[in-house]
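Quick notes on the structure that follows.
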Amino acid sequence: MSVEMKQKRINVAMKRESADLVIKNANIINVFTKEIIKGDIAICKDQIVGIGDYRGVREIDAAGKYVCPGLIDSHVHIESTMVTPSEFAKAVIPYGTTTIIADPHEIANVCGINGIQFMLNQSKALPLNVYFMVPSCVPSTPFENNGADLTAELIEPLLSNDRILGLGEVMDYPSVTNGTETMLKKIDLFDNKIIDGHSPNLTGEQLNAYRAAGIMTDHECSTIDEALERLRLGMYVQIREGSAAKNLESIVKGLIDKNMGFNRCVFCTDDKHLEDIKKDGHISYNVRKAISCGVDPIEAICMATINAAQCYKLKRLGAIAPGYSADLIILSNLEDFQVDSVLFRGNMVYEDNNLCTDFNLNIEDRNVFNTVRIPSITADDLKISLKGNTATVIALTSNELITKKETAQVKTTNGVFVQDEYFSKIAVIERHKATKNIGLGIVSNFNIKNGAIASTVAHDSHNLIVIGDNDEDMLAAIEEIKRVNGGYTVVSNGKVMGTLELPVAGIMSDNTAEYVEQKLKPMLEEAFKLGINKKVDPFITLSFLALPVIPEIRITDQGLFDVTQFKFIEC
């Protein structure tokens, strides 16, 4: 900021000059003292310069409505919405989100540094603060094949980018606790920045070691005990409420019951579908749900604003006070938390149920296209041979990403597993280098009947993943995914019931959010018509079954993987 701009802001604060914009007669949420202050908010250019009684060149009469800081999503994967950053911004701004901290490890696993650069380029001129964490685990573990390998040497140049806040979620926690040099070199690079965590079920001395390495946050807490152990070690708990993982209620109610504070709690969505954002909201939904669980509204707002800003050292975000960015939302009341208007850096971007700014969906970078490479796959490639009728099964848990490792009696013919509506067959097929690596497994509680669904959205390596109750539909789904160069598809009785093309790295659309919503909604309906468990999201649940860092059992292109033992096992 120039001396001249400082002088102008001082002059406006001192009432020697009129503000560019004044929001009059507001009930201002003060996140520092946790009180409501009646007054005006004076804005000069993009920054707040005064609270009190001001006049402006332009004035907005809040008429007693509440004004609070713009909301912050502390951990999100834009790619999981299946749209590019500009379309994501269009989806979340109406719900008061003005800042996100994104981890682009989805596209990085496919395209490496080119993928990260694509996300930086696509998000640099949006009416949304988009910051990034550098992916730490690409691939997430050595137990799968992906499209890139990000070493410490490759990611070091990214440190100079002012929109890079730190190192993304360290999912390979065994490498940390074992002191593996390759992982510690990445962590050491970001020693003076924020390092995000991902440590489900990690406890005791292992969690101590993880924290001692410098890891500061965790969004994988699903119980109050996990959350408390991390809070006691000085970590920030990112309370997650997404499409598949819904951890807010148990953690929030647990903290209230134990009379614990929320100063080191922040909100995140992690992975949330566009349809769910449109239906429920974004971080605004986390705030509203926390309030419904008994959290004081101002405390809930603090978790969505100043707590996250302080965690990620964003010194001009998260509060309404002089020197802070004029990222503001206006609400009629706090309990319902329905957003009336949104300002970004002093400009109105959402008002009267309409966006007030233009978004340019312009993709010039073609390095992230044509990434699906799969050779011919036959029914023989999908056979699961068993020694008897007993098999190790991936058991799904309703409304959770965590799975259970179970032993079950399954159907076989001539020593080969036969899937049915109770026990589905799942396959993960390497799709980056056409190696024809195929991992096979059995899933319970998915309950698909007379069909298959497939996707190249399969965290984090994003190989092709397919699940079904018969091989014919599984093969048809594989061929459909190859045809469109990545995406989602639903197949039943040999017929393609719907396909969402995702040509950007096989995980994102090059079309609008409206297009994705219109395509995806009937596909979800078709998926549930196949009997899929209503307590799991068909596509999101499927996509996480390939992630070998969430307990207890997963499937990669290299085989069935026991996360608790960190080794491959047989069906």
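The values are calculated or read from the model by the stated rules, or taken from the named source; none is laboratory data. Everything numeric in this text was worked out from a predicted model, so none of it was measured. Here the Cβ positions follow ideal geometry from the backbone for every residue, glycine too, while neighbour counts run over all protein chains shown.
Here's a check for you: in the stretch 330-368, which residue that is closer than 23 Å to ASP280 by Cα and among the charged types (D, E, K, R) is surrounded by the most Cβ atoms within 10 Å (Cβ to Cβ)?
ASP340
For the stretch 104-117, name all the residues that are surrounded by fewer than 24 Cβ atoms within 10 Å (Cβ to Cβ) and either at pLDDT below 95 or not small (Gly, Ala, Ser) (or both).
Hits for the stretch 104-117 are ILE113, ASN114, GLN117.
When you go through LYS124, LYS90, LYS193 one by one, which is the residue that is more than 18 Å from the chain's Cα centre (by Cα) and at pLDDT 95 or above?
After applying the criteria, what remains is LYS193.
Applying the selection to the stretch 396-428, what residues are without any contact (Cβ under 8 Å) to a residue 12 or more places away in the chain and either in contact with an Asp or Glu (Cβ under 9 Å, 6 or more places away or on another chain) or assigned to a strand (DSSP E or B) (or both)?
THR413
Just one of (1) within 30 Å of MET348 (Cα to Cα); (2) part of a loop (DSSP other than H, G, I, E, B); (3) within 16 Å of the chain's Cα centre (by Cα); (4) not hydroxyl-bearing (Ser, Thr, Tyr) trips up ILE100, so point out which.
The failed condition is (2).
Given the options THR141, THR180, name the one that is buried (at least 16 other Cβ atoms within 10 Å of the Cβ), among the hydroxyl-bearing types (Ser, Thr, Tyr) and closer than 24 Å to ALA209 by Cβ.
One residue alone meets the criteria, THR141.
Test PHE528 against the criterion of being modelled with pLDDT under 95 and either over 25 Å from THR403 (Cα atoms) or not β-branched (Val, Ile, Thr) (or both), and give yes or no.
no
Give all pairs with beta carbons closer than 8 Å in which a residue from the stretch 524-538 that is outside the structural domain of THR403 (by TED's automatic domain parsing) and touching a residue at least 40 places away in the same chain (Cβ under 8 Å) meets a residue that is part of a loop (DSSP other than H, G, I, E, B) and surrounded by 15 or more Cβ atoms within 10 Å (Cβ to Cβ); count only pairs at least 6 apart in sequence or on separate chains.
No pair meets every condition.
Given the criterion touching a helix residue (DSSP H, G or I) at 6+ places or on another chain (Cβ under 9 Å), of a type in the set (Gly, Ala, Ser), free of Cβ contacts under 8 Å to residues at least 24 places away in the same chain and over 30 Å from VAL516 (Cα atoms), identify the matching residue among GLY234, GLY197, GLY261.
GLY261
So is LYS90 basic (Lys, Arg) and either without any contact (Cβ under 8 Å) to a residue 40 or more places away in the chain or not in a helix (DSSP H, G or I) (or both) or not?
no
If LYS411 satisfies every condition in (1) surrounded by fewer than 24 Cβ atoms within 10 Å (Cβ to Cβ); (2) among the charged types (D, E, K, R); (3) under 18 Å from ALA477 (Cα atoms); (4) touching a strand residue (DSSP E or B) at 6+ places or on another chain (Cβ under 8 Å) but one, which is the exception?
(3)
Determine, yes or no, whether SER175 is without any contact (Cβ under 8 Å) to a residue 12 or more places away in the chain and under 13 Å from CYS137 (Cα atoms).
For SER175, the condition - without any contact (Cβ under 8 Å) to a residue 12 or more places away in the chain and under 13 Å from CYS137 (Cα atoms) - is met.
Let's see how each residue does on (1) in a loop (DSSP other than H, G, I, E, B); (2) closer than 15 Å to GLY96 by Cα; (3) of a type in the set (Ser, Thr, Tyr):
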| position | (1), (2), (3) |
| --- | --- |
| ALA321 | yes, no, no |
| ILE330 | no, yes, no |
| VAL342 | no, yes, no |
| TYR350 | no, yes, yes |
| THR357 | yes, yes, yes |
| ARG366 | yes, no, no |
| VAL372 | yes, no, no |
| ASP380 | no, no, no |
| ILE394 | no, no, no |
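For residues that are of a type in the set (D, E, K, R) and buried (at least 18 other Cβ atoms within 10 Å of the Cβ), scanning just the stretch 460-498, find the one that is farthest from the chain's Cα centre (by Cα).
Top of the filtered list is ASP471.
I'd like to check something: does the stretch 297-311 contain any residue that is touching a helix residue (DSSP H, G or I) at 6+ places or on another chain (Cβ under 6 Å), part of a helix (DSSP H, G or I), among the polar types (S, T, N, Q) and in contact (Cβ under 8 Å) with a residue 24 or more places away in the chain?
no
For the stretch 26-85, what are the residues that are part of a strand (DSSP E or B), crowded, with 16+ Cβ neighbours inside 10 Å and small (Gly, Ala, Ser)?
Matches in the stretch 26-85: ALA26, GLY39, ALA42, GLY50, GLY56, SER74.
So, restricting to strands (runs of 3 or more DSSP E) that lie completely within the stretch 464-571, which ones have at least 3 residues that are within 28 Å of LYS278 (Cα to Cα) and in contact with a strand residue (DSSP E or B) (Cβ under 7 Å, 6 or more places away or on another chain)?
Hits in the stretch 464-571: 464-468, 487-492, 495-501.
Mind counting the residues in the stretch 153-177 that are among the hydrophobic types (A, V, I, L, M, F, W, C), under 22 Å from LEU547 (Cα atoms) and surrounded by fewer than 19 Cβ atoms within 10 Å (Cβ to Cβ)?
Total meeting the criteria: 0.
Tell me which residues, restricted to the stretch 234-272, are surrounded by 20 or more Cβ atoms within 10 Å (Cβ to Cβ), among the hydroxyl-bearing types (Ser, Thr, Tyr) and more than 20 Å from MET82 (Cβ to Cβ).
Within the stretch 234-272, just TYR236 meets the criteria.
Answer yes or no as to whether GLU275 is crowded, with 24+ Cβ neighbours inside 10 Å and under 19 Å from the mean Cα position of the chain (by Cα).
no
If only one of LEU401, LEU440 is of a type in the set (A, V, I, L, M, F, W, C), assigned by TED's automatic domain parsing to the domain that holds MET497 and at pLDDT below 95, which one is it?
LEU401
Search the stretch 270-290 for residues that are assigned to a helix (DSSP H, G or I) and pair each with any residue that is modelled with pLDDT of 95 or more and basic (Lys, Arg) when their beta-carbon atoms are under 9 Å apart and the residues are at least 6 apart or on different chains.
Between residues of the stretch 270-290 that are assigned to a helix (DSSP H, G or I) and residues that are modelled with pLDDT of 95 or more and basic (Lys, Arg), the close pairs are ASP280/ARG288; ASP280/LYS289; ASN286/ARG240.
Could you list all residues from the stretch 200-234 that are closer than 20 Å to PRO135 by Cβ and either assigned to a helix (DSSP H, G or I) or in contact with a strand residue (DSSP E or B) (Cβ under 6 Å, 6 or more places away or on another chain) (or both)?
Once the filter is applied, which keeps residues that are closer than 20 Å to PRO135 by Cβ and either assigned to a helix (DSSP H, G or I) or in contact with a strand residue (DSSP E or B) (Cβ under 6 Å, 6 or more places away or on another chain) (or both), the stretch 200-234 yields TYR210, GLY214, ILE215, MET216, THR217, ASP218, HIS219.
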